[in-house]
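Taken together, the values in this text are just the output of simple stated rules run on the coordinates, not laboratory data. Here the structure is a predicted model, which is why all the values come from computation and not from measurement. Glycine gets a Cβ as well: all are built from the backbone with ideal geometry, and neighbour counts include every protein chain shown.
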Amino acid sequence: MSTDVMKERIAKGSPRLSARIAGIFYLIVIVAAPIAQVFVRGRLVVYGDAAATATNILAHELLYRLAGAADLLAFTCDAAVALILYQHVAVAAVNTLNHFAPLAILGGAHSFAAFKPDQLQALALMSLGLHGTLYNIALVFFGFHCLFIGYLIARSDFLPRFFGPLLAIAGLCYLINSFANFLSPSFAAHLYPYILLPGLSEVLLALWLVVIGVNVKRWHEQASAALGRQ
């Protein structure tokens, strides 16, 4: 299919329906990702104490597995939002392997039979440490994602422009949070979770897309203008 044909279909499509679908997927991401990261890993993982972490994971194995499923759901929906909003996702989804690795390590898999219990616990904790690092790397990409989306919204006529600066601020906060964790984890601990509060603007945008959508007239005007410039 040629680029011109694709653009013509976009111009003639239902922007309000697309906006609402994107908003629904966005809300799923906003709900599922914190459940896995904050309410499960944040409570079960005790960094610096491999034995306590292993005990918590094995004692709440179903909850831990559900957190991994929530991650996968969030990243799948994020990919859908990416397609609708012309962005892309990868690192975070691959990082889910590090979430499930402790279950294989602590679950008595035959390949780990040669290791002692304390060694297995240390390996599981190391895997979760890698998960945290890759999660922060993924947030770097997501931070730029929010900056770009904010810029596009600020220049658009079919969504309220105040969402642009709000998304840009959220993106900057994601970047600050990630780089603070890379450079000074102790300083980052003082910023968390307050540094992520601007991310609430994503909730507002998602709800706006679901409930109100976009200004269809202006959407078609811009789409037609873009086609006319080809």
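Number of residues in segment 25-61 that are out of contact with any helix residue (DSSP H, G or I) (no Cβ under 8 Å at 6 or more places or on another chain) and polar (S, T, N, Q) equals 1. Of the residues that sit in segment 161-180 and are part of a helix (DSSP H, G or I) and not hydrophobic (A, V, I, L, M, F, W, C), which one is surrounded by the fewest Cβ atoms within 10 Å (Cβ to Cβ)? For segment 161-180, the residue satisfying everything is Pro165. Can you tell me which of Phe158, Phe148 is farther than 22 Å from Phe182 by Cα, touching a residue at least 12 places away in the same chain (Cβ under 8 Å), assigned to a loop (DSSP other than H, G, I, E, B) and not aliphatic (A, V, I, L, M)? One residue alone meets the criteria, Phe158.
Matching residues to (1) closer than 30 Å to Lys217 by Cβ; (2) part of a helix (DSSP H, G or I); (3) within 23 Å of the chain's Cα centre (by Cα):
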{"site": "Leu73", "(1), (2), (3)": "no, yes, yes"}
{"site": "Cys77", "(1), (2), (3)": "yes, yes, yes"}
{"site": "Val94", "(1), (2), (3)": "no, yes, yes"}
{"site": "Ala101", "(1), (2), (3)": "no, yes, yes"}
{"site": "Ser111", "(1), (2), (3)": "no, yes, no"}
{"site": "Gln119", "(1), (2), (3)": "no, yes, no"}
{"site": "Leu128", "(1), (2), (3)": "no, yes, yes"}
{"site": "Thr133", "(1), (2), (3)": "no, yes, yes"}
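Screening segment 197-208 for residues that are in contact with a Leu (Cβ under 8 Å, 6 or more places away or on another chain) and not aromatic (Phe, Trp, Tyr) and picking the one that is farthest from Ala19 (Cα to Cα) gives Pro198. Scanning segment 192-207 for residues that are exposed (fewer than 15 other Cβ atoms within 10 Å of the Cβ) and in a helix (DSSP H, G or I) yields Tyr194, Leu197, Leu200, Val203, Leu204, Leu207.
Contact map, segment 68-84: residues that are polar (S, T, N, Q) paired with residues that are surrounded by fewer than 22 Cβ atoms within 10 Å (Cβ to Cβ), Cβ distance under 9 Å, separation 6+ or inter-chain. Pairs shown: Thr76/Ile28; Thr76/Ala93.
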